[in-house]
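Read the figures in this text as sums done on the coordinates, not as results from a lab. Not measured: the values here are computed from a predicted model. Every residue, glycine among them, receives a Cβ derived from its backbone with ideal geometry; neighbour counts consider all protein chains shown.
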Amino acid sequence: MHSSVTTQGNQRIMEDVPLSAIVQQFGSPCYAYSKKAISENFLDYQRALGSRDHLICYAVKSNSNIAVLQTLAKLGAGFDIVSVGELERVLMAGGDPTKVVYSGVAKTADEMRRALEVGIHCFNVESESELRLLNKTAAETHQLAPVSIRVNPDVDAKTHPYISTGLKENKFGIDINRAFEVYQQAAQMDNISVVGVDCHIGSQLTDITPFIDAMQHLLLLVDRLADSGIKLKHIDIGGGLGVRYQNETIPSLAIYMDALEPLLKGRIETLVMEPGRSITANAGILLTQVQVIKKNGDKNFAIVDAAMNDMLRPALYDAWMDINSAEIIADRTEDSYDVVGPVCETGDFLAKDRMLAITEGDYLYLSSAGAYGFTMSSNYNSRPRVAEVMVDGHQIHLVRARETIEDLVRGEQLIKEQ
Ligand SMILES: *Cc1c(COP(=O)(O)O)cnc(C)c1O
């Protein structure tokens, strides 16, 4: 994977831009994404899939900024969406609807209508109720809804329980042991066209064995379906490949593909993948400024201007994220700090027990913040959401303005007094 920050003298830079220039121009806190890193991470997938017929559907929820989607659309990416909001973003960014796969456990009829209208590649159907609703909705407009059934292969992804999705106790997909019958039903429905099979077993996987297990389960089903006369056009193995946050060793895409190759040899189905984190995480950072340094008991706290509402991963998953000074300044002494935000929650931390040489006013950057960062942010504590920029060579493009107080209360109203 491509890390987005390098050191040049006493400067930290993203592409050709010093991090200090980003905060000078756009303020703090601020998310910054490297266009080159996003592009390279996507191209790594294209190269690894090589000559095999494939479709890489970037998982929009990991970073849905329209400039990020635009960058990927230009490279020919497809998109994995989980809501109509994400679909509209893809369309705004110039994405091709015929390369969109639509996941999600409870799509509404309205959402289905819009997706049918724009002509997406397929619906990843996650329940029998959804299948019936989709058939009915497609019938209203005399359309044929392309369907791939998301099966739950009951494979342990060995990742954090909150981001594990392929076990039978998880809410996702249809039990693989029931899937055959559901396909038979789908094939009988007038307004459904069966096109593929899909699974997504979890996120931040550091081992490829669960992917291989899942693929083996899918292939058994694909062959059984073929024997019964249902021939699928694509096999979607989902996303989930991990990234390095700390010292994880992540198998390369080449290793992943080499392991899949013997299973897929001679097969003609298109291979679909839905990577999110592995494309955007290491392409982005969150810049923040130290506001207050204080000591409580034996603990040093660096209170910064970014908080759990801006970056939820540490609070939500106890995730470890690397944090460093954005500029290397002489005469600073190193000490151990908990880096925390100003939000009124003890869970509001970004990093704990880190050796940093900092003082009030310094800028820090949180690494690997490009995925599940801004997209999970909120206005908790009435904090306007931060700016996002995209670095491209020497240029810094503002891709989302910092929210204003007006933005904070948009749509709210006082009640009329009698
Ligand atoms: C979140 C999600 C992905 C992407 O997962 P990553 O771990 O970010 O690669 C892919 N497919 C589905 C259905 C998802 O829900």
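Suppose the Debye formula is applied to equal point scatterers at every Cα of segment 319-403; what is log10 I(q)/I(0) at q = 0.20, 0.25 Å⁻¹? Once normalised to I(0) and log-transformed, intensities are -1.19, -1.39. Under a model in which nothing but the beta-carbon of Lys, Arg (+1) and Asp, Glu (-1) is charged, the chain shows a dipole of about 480 debye around its Cα centre. In plain terms, the residue of Ile212, Ile255 with the fewest other Cβ atoms within 10 Å comes first and the most crowded comes last, giving Ile255, Ile212. Of interest is the spacing of the C-alpha centroids, which for segment 50-101 and segment 284-353 amounts to 33 Å. Each residue in Cys57, Cys344, Cys199 was given a count of other beta-carbon atoms within 10 angstrom of its own, and listing them fewest first yields Cys344, Cys57, Cys199.
Would you mind telling me the antiparallel percentage of the DSSP bridges in the chain, rounded to 5?
If we restrict to bridges inside the chain, about 50 percent are antiparallel.
Computed from Cα positions, the angle between helix 253-264 and the longest principal axis of the chain comes to roughly 10 degrees. Taking the C-alpha atoms only, the angle from helix 209-227 to the longest principal axis of the chain is near 20 degrees. Straight-distance candidates among the lysines for linking to Lys295, with alpha-carbon spacing under 21 Å and chain neighbours fewer than 8 residues away dropped: Lys352.
Please state the charge dipole magnitude for segment 35-279, taken about the Cα centre, from unit charges on C-beta atoms (+1 on K and R, -1 on D and E), reported in debye and rounded to the nearest 20.
Working: 25 positive and 31 negative charges, 106 e Å.
Rounded to the nearest 20 debye, it is 500 debye.
Using C-alpha positions alone, give me the convex hull volume of segment 367-418 per residue in cubic angstrom. Don't jump to the answer; show the numbers that get you there.
Working: hull volume 5.4 nm³, N = 52.
Hull volume normalised by residue count: 104 Å³.
What the pair-distance distribution of segment 247-347 shows, using all Cα-Cα distances binned every 10 Å from zero, is 10, 32, 24, 15, 11, 6, 1 percent. No solvent, one uniform scatterer per C-alpha: report log10 I(q)/I(0) for the chain via the Debye equation at q = 0.12 1/Å, two decimals. Debye output, listed in q order: -0.98. The distance from the alpha carbon centre of segment 16-47 to that of segment 382-416 is 18 Å, rounded to a whole number. The alpha-carbon atoms of segment 273-418, seen along their principal axes, cover 60, 45, 31 angstrom, with the largest extent given first. Just to be sure I understand the model, the point goes 7 Å from the Cα along the line to the Cβ. What's the resulting His394 to Ala106 distance in nm? Calculated label separation equals 5.3 nm.
Taken over the alpha carbons of segment 35-279 as equal point scatterers, the Debye sum produces base-10 log I(q)/I(0) values at 0.07, 0.13, 0.15 Å⁻¹ of -0.21, -0.75, -1.03.
The translational diffusion coefficient of segment 1-120, from Stokes-Einstein at 20 °C and 1.002 mPa s with a Kirkwood hydrodynamic radius over alpha carbon pairs, comes to 133 µm²/s.
Within 9 Å, Cβ to Cβ, of Ile66, how many net charges do the neighbouring residues add up to if Lys/Arg are +1 and Asp/Glu are -1? Walk me through the numbers before you get to the answer.
Values: positive: Arg89, Arg400; negative: none.
Once positives and negatives cancel, what remains is +2.
Among the listed pairs Lys99/Lys136; Lys61/Lys299; Lys171/Lys233; Lys107/Lys265, which are separated by more than 31 Å between their Cα atoms?
Values: Lys99/Lys136 23 Å; Lys61/Lys299 36 Å; Lys171/Lys233 26 Å; Lys107/Lys265 35 Å.
Pairs exceeding the cut-off: Lys61/Lys299; Lys107/Lys265.
Expressed in Å, the radius of gyration and Dmax of the Cα atoms of segment 196-296 are 18.8, 70.
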